[in-house]
Amino acid sequence: VTPTYTWTRDGTTLLPANSGDDVDISGTLSTSNFENDVVPIYGIRAWANVTVHNNGNININGNGNIASVVAEGDNFRVTFSTPMSSTNYAVFAMAGRDTDANNFVGFIQNSITVNDFLIGAKDNGGNALTSGLILFIQVVL
């Protein structure tokens, strides 16, 4: 019999209803949608909010499982604190320009390893963007 857990929120943390309960989440988590089908839950394995200043300095404003973001030519190398279990992860990245709100920013993802990956930001003309950016990065496995 699979136990049923009730979760409560204390502001920032989800807690089991019974203090001291251990919950094994090493398998695949799932939930039921409105049609009672089981739908798996895929968690964010890494995330970052990064500012790339016009002077080239990079600040990680907030993150989970991101050790560093470093400029590498026209790209940014994002390194994990804890490696992924495989290279079959997906990276979602978006950015805003702090100098031109109307400029589209697209990303190219490449050089994926379990330890890190490269992303490159491009404007709507295909030009590399290496400064004046606010990056938002999520990794799902």
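The values are calculated or read from the model by the stated rules, or taken from the named source; none is laboratory data. Quick caveat: nothing in here was measured; it's all calculated off a predicted structure. We place every Cβ from the backbone using ideal geometry, glycine too, and count neighbours over all the protein chains shown. Calculation scope for accessible area: heavy atoms of the full protein, side chains included, ligands and nucleic acids excluded. Shrake-Rupley method; radii C 1.70, N 1.55, O 1.52, S 1.80 Å.
Okay, here's what the table says:
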| quantity | calculated |
| --- | --- |
| Accessible area in the full protein assembly, largest first, 1.4 Å probe, for Leu135, Leu141 | Leu141, Leu135 |
| Value of relative contact order over segment 41-141, rounded to a whole percent, pairs C-alpha under 8 Å and six or more apart | 37 percent |
| Calculated on alpha-carbon atoms, Rg and Dmax of segment 48-94 in Å | 11.5, 35 |
| Spacing of the two label points (7 Å from each Cα toward its C-beta) at Leu141 and Ile58, in nm | 2.0 nm |
| For Ala67, residues with placed amide H under 5 Å, excluding near neighbours | Thr79, Phe80, Ser81 |
| For segment 42-52, 3J(HN,Hα) per residue [Karplus equation, 6.51 cos²θ - 1.76 cosθ + 1.60, θ = phi - 60°, Hz, x = Gly/Pro] | 10, x, 6, 8, 7, 7, 7, 10, 10, 10, 10 |
| Nearest-10 value in Å² for the accessible area of Phe136, using the 1.4 Å probe | 80 Å² |
| Where Ser85, Ser131 fall by accessible area, highest first, once all protein chains stay in place (1.4 Å) | Ser85, Ser131 |
